[in-house]
Amino acid sequence: MTAAKPRGWRGIVKAFATPSAGTLCLLGFGSGLPFLLIGYTLSIWLREFGLTLGAIGLFSYVSFFYVFKFIWAPLLDRWKAPILGFLGRRRGWLALSQILLIAALTGMAATGPAQLELFVALAALAGFSGATQDTMIDAYRIEIAPPEAQAALAATYTLGYRFGLIVSGAGALYIAAYSSWHTAYLAMATCLVVPLLTTLVMREPETIHVRERVGFQASFVGPFRDFFHRHSVVIAIVLLLFIGLFKLPDQMLGVINGPFYIDTGYTKDQIATVSKLYGVWIGIAGAFLGGVSVAALGLKRSLYIAALGVALSNLLYLLMAQHPGQTWAFIAAISGDNSTLGFAGVVLVAFLSSLTSMEFTATQYALLSSLANLPGKLIGGFSGFLVERWTYSGFYIFSALSVVPTLLLLAWLSRRMTLDRPREPEDEAAKASQN
């Protein structure tokens, strides 16, 4: 019989007070660092070099490795990494991806956009290596701790991830401004030594129930068959719909928020200060609050709070529309939006972790996390047309109302499955304390 999970302050302390939390923070730093270096930061370098906006837009496709990482995740689940296989299946692939990432960023620093074809290839290698690193970190996190500890680990991972974004965003821009882009990217590559050393000293997860050298069907079909078998076809389909819609109210805003800030009279300095600096710390606070919520209230209640928070926070942008150029309105909107996004991100990570099988950890989590981001990336492209038809205010109201199907699906699921049930019947908390 499984012991009752501690709740309240006892559950919060137990969830956060493990060495694994510190490990995930350092790994999160390595995960967040390359994301902007092949996206936002890279686009500024390319624009300064003189590339057209169209070419820069095409460059953004290197980040699609993060969306389609589930395609090669089965191979990571089934085979050990070449050369570094002695480190174990998770640590071996993780170390290899980090070494390739360091090499790719170093190559980008050495070549620059002047050697465009090679530069594109190196950026693609950085995207592929970064996505592989993310897949391995997610698998590692799930395998070292029970579901009730996943939100806390996700919170510390998010803290490290946000630090990585600050370094690769503001940090790289400062270095480029006072030195050069080549120096900036070389410095970023050097920073990745920290997560690489973390990988080399941390322990390999003990709970990996996979078999090596199996065929195509077991590697690629098995994870999907297992997911539908464990949850039943109907529940599995509803779960996938719920996951795909969970972050939709926020993802609708991804493309349109930047133009909205400019159109409502905010300067680039205001946007940088409020959104890129203040907003990052608010997101970190929200992430830790999400970890506390899952530990204290459980996963089901936290999912309801997160879904409602993500949707209702969009209405705060109406303040900016009604009070254009006012800093207080901008701060209010960013405070609500980033805090609820940080909260919801951690809750969603805990939920996805509870759905994965220990036999197909990397594959199933990569698929679920990709699904959580794909609809927003596809629908976001139409947001401009919706704003032109409805105005910004109408669009933000519509984005908030889009949470209704998500809440209906969550209510349906909560009546048919125990959302707070552990992934495995045994208590694995001891494994988290040993890593």
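So the values come out like this:
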{"read-out": "Selected residue (criterion: nearest to Leu96 (Cα to Cα)) from residues of region 168-193 that are among the aliphatic types (A, V, I, L, M), touching a residue at least 60 places away in the same chain (Cβ under 8 Å) and touching a helix residue (DSSP H, G or I) at 6+ places or on another chain (Cβ under 6 Å)", "value": "Leu192"}
{"read-out": "In region 159-173, the residues that are modelled with pLDDT under 80 and either open to solvent by 20 Å² or more (accessible area, probe 1.4 Å) or polar (S, T, N, Q) (or both)", "value": "Ala170, Leu173"}
{"read-out": "Tally of residues being within 20 Å of Ala189 (Cα to Cα) and of a type in the set (A, V, I, L, M) across region 131-158", "value": "3"}
{"read-out": "Number of the condition not met by Leu299 [criteria: (1) at pLDDT below 85; (2) touching a Phe, Trp or Tyr at 6+ places or on another chain (Cβ under 9 Å); (3) open to solvent by 10 Å² or more (accessible area, probe 1.4 Å)]", "value": "(1)"}
{"read-out": "Index of the failed condition, Leu355 passing every other in (1) modelled with pLDDT under 80; (2) under 18 Å from the mean Cα position of the chain (by Cα)", "value": "(1)"}
{"read-out": "Checking Thr391 against (1) of a type in the set (Val, Ile, Thr); (2) open to solvent by 50 Å² or more (accessible area, probe 1.4 Å); (3) on the phi < 0 side of the Ramachandran plot, the condition it does not meet", "value": "(3)"}
{"read-out": "Where Ser383 falls short, out of the listed (1) within 24 Å of Arg78 (Cα to Cα); (2) at pLDDT below 75", "value": "(1)"}
{"read-out": "Residues located in region 128-158, provided they are of a type in the set (A, V, I, L, M, F, W, C), open to solvent by less than 30 Å² (accessible area, probe 1.4 Å) and assigned to a helix (DSSP H, G or I)", "value": "Ala131, Met136, Ile137, Ala139, Ile142, Ile144, Ala149, Ala151, Ala152, Leu153, Ala154, Ala155"}
{"read-out": "Hits in region 294-351 (condition: within 24 Å of Ile243 (Cα to Cα) and of a type in the set (Ser, Thr, Tyr))", "value": "Ser302, Tyr304, Ser313, Ser339, Thr340"}
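The values are calculated or read from the model by the stated rules, or taken from the named source; none is laboratory data. If you're wondering where the values come from, they're calculated on a predicted model, not measured in any experiment. Positions of Cβ are backbone-derived with ideal geometry, glycine not excepted, and every protein chain shown enters the neighbour counts. These accessible areas exclude ligands, DNA and RNA; they are computed on the full protein's heavy atoms, side chains included. Shrake-Rupley method; radii C 1.70, N 1.55, O 1.52, S 1.80 Å.
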